[in-house]
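Taking it in order: structure first as structure tokens, then the write-up.
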Amino acid sequence: MMNEEQFEEDLEKSLNEALISCEKCHFCNTVCPVVDTRVTQGPFGISRAIYYGLQWNEFTASLRDLVYSCTTCGKCDLMCKKVSRALPLTEIIEKAREFLLVEKMVGPMPDQVGVLKNMHVRGNPWGNPPHERTQWAEGLDIAFASKDNKVDVLYFVGCASSYDAQGQKIAKNLSRILKQTGINFGILENETCSGHEARRMGETGLFAYLSEANMKMFEEASINHIVTGDPHSFYSFSQEYPDKGNGFKVQHYTQFLNELIDDGKLELSSQVSKTVMYHDPCYLGRHSEVFEEPRKLIQSIPGVTLVEMENVREDSDCCGMGGGRMWMELPSSLLSSQAISERRIYQALDTGAEVLLTACPFCNITLNDAVKSLEKEGSLAVMDITELIAMSL
């Protein structure tokens with residue numbers, strides 16, 4: 001596996017060297033959420049297309065579309081590690097996106113150009129006004145963390161939970177839970193995008209800019225403990241930021257709330273009589289290996305029965321919206337995000353459980369949309385774990 005420094009030295013050379021190592025076994029395609037019956041798609045098809053694009057010096061819109069079809073879920077990485085050369089396929093695809101964007105000016109996808117500009121100018125992918133970022137917190141008496149107002153825990157909300165109506169439920173419920181414990185927590189008045197999706201789209205320069213902006217705010221407010229409900233931000237803070245989280249403690253809320261329950265600071269007393277299942281978000285589960293904490297948290301809710309659905313933990317299927325796919329339309333020749341999320345809903349319906357839980361605003365938004373598109377609102381509800389915990393306070 002090539003490290004970050006080797007990739008940065010010469011993108012074209014390092015991509016070539018990594019792709020030559022492929023044994024062409026096709027096993028990666030057997031677990032890919034975006035692949036259909038054609039071997040030309042999925043991680044094998046993408047990697048071969050990149051390889052021949054490099055050999056022939058041809059970087060077309062069709063190649064770009066294929067490279068950007070990946071959800072960066074990481075299932076192919078695990079399969080390659082199990083049966084083949086352990087190639088970092090997700091990293092190779094992300095570096096190919098950077099190569100197409102920075103060196104060949106073919107990427108990103110047309111729909112993503114404005115998204116990246118919005119992140120740079122307004123600090124969020126939708127381009128909403130920055131002053132509206134904290135409107136969800138109005139009337140909730142939540143403190144703003146600053147150099148003059150030190151907090152023990154910073155709740156990093158993230159873009160989706162700040163601006164999307166579905167995501168705002170997560171922010172409100174988690175804030176209510178934290179207030180119940182008496183924890184001295186706050187949010188940033190000028191919070192900006194973590195940059196995670198910019199990096200997934202290949203815009204590493206923008207990621208560096210946003211990460212530096214966030215690190216500066218964390219330092220100015222003397223932040224040493226961050227809790228977030230966004231697995232994408234959690235992953236970037238803990239594994240991709242300049243000091244990779246060494247300067248402060250980073251936790252997903254499922255980890256933090258478990259600690260509070262164990263310490264007797266959070267008590268769940270009201271019965272919630274529901275049969276539920278849990279969908280592992282890619283960047284919380286497979287990429288960050290947080291599998292037990294969400295399940296332990298769910299099982300701590302009185303009255304809840306947890307059942308497992310098909311493909312869970314490291315084998316969990318993607319919701320379809322990772323890797324920048326939330327902000328783009330793919331050609332009809334490539335599998336749509338809606339088809340991927342609807343497939344996951346069918347797996348959930350097979351369990352007979354009434355609630356599908358997740359711990360990611362992206363998954364929450366996407367899977368809720370899939371339930372509606374399938375007209376299954378009467379059979380299945382999609383919720384974030386925080387919603388069930390709030391019911392039990």
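The values are calculated or read from the model by the stated rules, or taken from the named source; none is laboratory data. What you see is a predicted model; the values in this text were computed from it and never measured. Neighbour counts run over all protein chains shown; Cβ positions are idealised from the backbone, glycine included.
A few remarks follow.
- Every listed requirement among (1) in contact (Cβ under 8 Å) with a residue 12 or more places away in the chain; (2) in a loop (DSSP other than H, G, I, E, B) is met by Lys169 save one, (2).
- Residues in region 126-149 that are under 19 Å from Glu220 (Cα atoms), basic (Lys, Arg) and surrounded by 14 or more Cβ atoms within 10 Å (Cβ to Cβ): none.
Each row is one residue, and each column tells you yes or no for (1) under 30 Å from Phe99 (Cα atoms); (2) modelled with pLDDT under 95.
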| residue | (1), (2) |
| --- | --- |
| Ala143 | no, no |
| Ala160 | yes, no |
| Gln166 | no, yes |
| Gly229 | no, no |
| Phe248 | no, yes |
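- Conditions (1) over 19 Å from the mean Cα position of the chain (by Cα); (2) on the phi > 0 side of the Ramachandran plot; (3) of a type in the set (Gly, Ala, Ser); number of the one not met by Gly158: (1)
- Any hit, region 205-219, residues being out of contact with any Gly (no Cβ under 8 Å at 6 or more places or on another chain), crowded, with 17+ Cβ neighbours inside 10 Å, of a type in the set (Phe, Trp, Tyr) and over 30 Å from Asp65 (Cα atoms): no
- Residues that are out of contact with any Ser or Thr (no Cβ under 6 Å at 6 or more places or on another chain) and in a loop (DSSP other than H, G, I, E, B), drawn from region 257-275: Asp263, Gly264, Glu267, Ser269, Gln271, Ser273
- Each residue in region 78-128 was checked for being among the polar types (S, T, N, Q), over 18 Å from the mean Cα position of the chain (by Cα) and not assigned by TED's automatic domain parsing to the domain that holds Ile46, and 2 of them qualify.
- In the condition set (1) in contact with a helix residue (DSSP H, G or I) (Cβ under 6 Å, 6 or more places away or on another chain); (2) among the charged types (D, E, K, R); (3) not in a helix (DSSP H, G or I), Glu189 is compliant with all but (1).
- Checking each residue in region 243-254 for being free of Cβ contacts under 8 Å to residues at least 40 places away in the same chain and under 27 Å from Arg325 (Cβ atoms) picks out Lys244, Gly245, Val250, Gln251.
- For region 332-362, the candidate set comprises residues that are touching a Gly at 6+ places or on another chain (Cβ under 9 Å) and under 21 Å from Thr305 (Cα atoms); within that set, the residue that is surrounded by the fewest Cβ atoms within 10 Å (Cβ to Cβ) is Arg344.
- Checked against (1) among the β-branched types (Val, Ile, Thr); (2) assigned to a loop (DSSP other than H, G, I, E, B); (3) at pLDDT below 95, Ile301 meets all criteria but (3).
- Counting only helices (runs of 4 or more DSSP H) that sit completely within region 22-117, those holding 3 or more residues that are over 17 Å from Glu314 (Cβ atoms) correspond to 42-56, 61-67, 89-98.
A quick yes/no check of all residues on (1) in the same structural domain as Phe156 (by TED's automatic domain parsing); (2) at pLDDT 95 or above; (3) in a loop (DSSP other than H, G, I, E, B); (4) surrounded by 18 or more Cβ atoms within 10 Å (Cβ to Cβ):
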position: Tyr235; (1), (2), (3), (4): yes, yes, no, yes
position: Gln255; (1), (2), (3), (4): yes, yes, no, yes
position: Met277; (1), (2), (3), (4): no, yes, no, yes
position: Thr305; (1), (2), (3), (4): no, yes, no, no
